[in-house]
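**Student:** My questions will all concern the structure given below.
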Amino acid sequence: MEPVRNILRHKEASVKYYEAEATKIDYEKKVVYINDDSEIKGDTSSTEVPFDMLVVGVGAENATFGIPGVREHSCFLKEVGDAQAIRKRIMDCVETASFKDQSPEERKRLLHMVVVGGGPTGVEFAGELQDFFEQDLRKWVPDIIDDFHVTLVEALPNVLPMFSKQLIDYTESTFKEESITIRTKTMVKKVTDKTIEAEYTKPDGTKELETLPYGLLVWATGNALRPVVKDLMSQIPAQKDSRRGLAVNEYLVVNGTENIWAVGDCAIANYAPTAQVASQEGAFLARLFNSMAKTDTINTELSLLSEQQAKVSGDDRTAVFDSMKALQRQLRRVKQIGPFEYSHQGSLAYIGSEKAVADVSWLSGNFASGGTMTYLFWRSAYLSMCFSTRNRILVCVDWLKAKLFGRDVSRE
Ligand code: NAD
């Protein structure tokens, strides 16, 4: 992660940054209500920020589809805190399973790591978790070797539906080699503190209810609307038919408004909710706003020149006229910003044991590849996408540290 403060200090423009949760956006009043969410509270911990123009980029939250027990008992994969909770839970499961006189069934349950959702999030996490076991836990806690097990549960007939058939098969066979169990056509219906109840659709179409005991449950079934976005949508009549997020036009303006833009997973622009789309949308908005700012500056200069032109004559008048012409040409160029067009570079996912899969679009062709070379490509792609050199170096050092000394398992 790159601290926002670090980015802002290199910017010329004056930017005010508040670390706060936006609890409500009042569209009519043009006000955002914010809360200081930190554990330390000052005299003021909630206030409002008025706006003329607003960009909403709050992402999404975890979809649970109202399935009972999911919110209370699952770990998620959105924020840094979620990752820390998972690390604590894995190590607690491992140590509790190794507790003196623990029964064999309880050991098996505690060491059963279940990931629900066979999209890229679930697949990448299941692969990483198995790596953690193979590369570190196996050496550190040899007692658990026979019982540690990762299962990936997916409601559809296969995992990674956005990848080509060949890469889906490759992922499934790699998981088999890594001893990760994939349970497709299995829809989770209920979760308790120790078990998952799931409905499995058999090849003949009949359904069977199953109970899976678990120690760690990671829930990765996709995105849902955040309440602040849902509330904003309810204030804008043009958003009444939108279900999955703020419907935007081709300039990313929220439909039904003139002064609100939306980017990333909270915006619906007919693209998948991926980082690649969000990043291109962000770059587009930066260009758009820069162009709007330049337009304002040029218009001010033009009106000053036109006042000057009225006061002068002869050669001076011609010089002012030429400057105005040049500015008008510049204005036409600046205004020529087209609508947002997404350029898909491909899909990439890590599948464990230093292998990755990639469907890449290149020179108007599509290439599918999987394996160790693709893993090296995946790593370099992620490095190149880091925000800064500082970030890139920190990520490399983290990789090196984990390789040399094993992963960090501190819990507090
Ligand atoms: P997703 O929506 O891609 O996949 C969720 C999966 O959960 C679906 O396949 C769905 O069938 C399954 N599911 C839903 N309810 C279920 C239930 N009750 N029981 C069993 N299975 C159930 O979600 P994601 O993987 O979190 O990804 C979210 C977005 O982020 C996607 O657009 C994805 O492409 C993107 N993403 C990309 C990468 C990458 O490119 N490497 C990595 C992570 C996320």
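The values are calculated or read from the model by the stated rules, or taken from the named source; none is laboratory data. Just so it is clear, the structure is predicted and the values come from calculations on it, not from any experiment. Note that each Cβ is placed from the backbone with ideal geometry, even for glycine, and that neighbours are counted across all protein chains shown. Note: areas computed on protein heavy atoms with side chains; ligands, DNA, RNA excluded. Shrake-Rupley method; radii C 1.70, N 1.55, O 1.52, S 1.80 Å.
**Student:** Roughly to the nearest percent, how much of the accessible area of the chain is carbon and sulfur, given a 1.4 Å probe?
**Tutor:** Taking all protein chains in place, the chain shows 54 percent carbon and sulfur surface.
**Student:** Write down the accessible area per residue of the chain in Å², having rolled a 1.4 Å probe over the full set of protein chains.
**Tutor:** Normalised by residue count, the accessible surface of the chain is 59 Å².
**Student:** Sticking with this structure for a sec: May I ask you to list the trypsin sites (Lys or Arg not before Pro) in segment 1-48 that are in a DSSP loop and have at most 12 other Cβ atoms within 10 Å of their Cβ?
**Tutor:** Arg9, Lys11, Lys16, Lys29, Lys41
**Student:** Continuing with the same structure: Based on Cα positions only, what radius of gyration and what Dmax would you give for the chain, in angstroms?
**Tutor:** Here Rg and the maximum Cα pair distance are 26.6, 102 Å.
**Student:** What percent antiparallel are the DSSP beta bridges of the chain, to the nearest 5?
**Tutor:** The antiparallel proportion sits near 70 percent.
**Student:** Apply the Karplus parameterisation 6.51 cos²θ - 1.76 cosθ + 1.60, with θ equal to phi minus 60°, to every residue of segment 164-169 and state each ³J(HN,Hα) to the nearest whole Hz, in sequence, with x for glycine and proline.
**Tutor:** 3J(HN,Hα) across segment 164-169, in whole Hz: 6, 3, 4, 6, 5, 4.
**Student:** Subtract the Cα-Cα distance of Asp296 and Ser364 from 0.36 nm times their separation in residues, and report this length gain in nm to one decimal.
**Tutor:** Contour length minus the Cα-Cα distance gives 20.6 nm.
**Student:** Now a separate question. ³J(HN,Hα) across segment 212-228 via Karplus (A = 6.51, B = -1.76, C = 1.60, θ = phi - 60°), whole Hz, x for Gly/Pro?
**Tutor:** 10, x, 9, x, 10, 10, 10, 9, 9, 9, x, 9, 9, 5, 7, x, 5
**Student:** Between Ala286 and Ser14, what is the label-point separation in nm under the 7 Å Cα-to-beta-carbon projection?
**Tutor:** 2.3 nm
**Student:** Can you pull out the GluC sites (Glu not before Pro) in segment 114-217 that DSSP calls coil and that have at most 12 other Cβ atoms within 10 Å?
**Tutor:** Answer in residue order: no site qualifies.
**Student:** In terms of modelled amide H atoms, which long-range or inter-chain residues lie less than 5 Å from the amide H of Ile196?
**Tutor:** Here Leu212, Tyr214 satisfy the definition.
**Student:** Which whole-Hz couplings ³J(HN,Hα) result when phi for each residue of segment 138-145 is put into the Karplus expression 6.51 cos²θ - 1.76 cosθ + 1.60, θ = phi - 60°, listed in order with x for Gly and Pro?
**Tutor:** My calculation for segment 138-145 gives 3, 7, 6, 10, x, 4, 8, 3 Hz in order.
**Student:** Next question. Mind checking which lysines have their C-alpha under 25 Å from Lys100, skipping anything on the same chain fewer than 8 residues away?
**Tutor:** Straight-distance partners of Lys100: Lys88, Lys108, Lys139, Lys194.
**Student:** Hey, another quick one. For a label point 7 Å from the Cα of Ala275 along Cα→C-beta, name the residues of segment 347-365 whose backbone N is under 16 Å from it.
**Tutor:** Flagged as within label range: 347-352, 356-359.
**Student:** Additional query: Computed FRET efficiency, Cβ-Cβ of Thr201 and Ala85, R0 25 Å: what is it to the nearest 0.05?
**Tutor:** So the FRET efficiency works out to roughly 0.20.
**Student:** Relative to the longest principal Cα axis of the chain, at what angle does helix 389-405 sit, 0 to 90 degrees, rounded to 10?
**Tutor:** It works out to around 10 degrees.
**Student:** Which of Leu376, Leu348, Leu160 moves most in a GNM of the chain, Cα contacts under 10 Å?
**Tutor:** Leu376
**Student:** Next up: Grab the DSSP H runs of the chain that are 4 residues or longer, score each as -39,500 (n - 2.57), total them, divide by all residues and round the 222 nm result to the nearest 500 deg cm²/dmol.
**Tutor:** Value at 222 nm, helices only: -12500 deg cm²/dmol.
**Student:** Is segment 1-51 rounded, prolate or oblate when judged by the Cα gyration tensor, a ≥ b ≥ c being the square roots of its eigenvalues, rounded requiring a/c under 1.5 and prolate requiring a/b larger than b/c?
**Tutor:** Because a/c hits 1.5 or more and a/b fails to exceed b/c, segment 1-51 counts as oblate.
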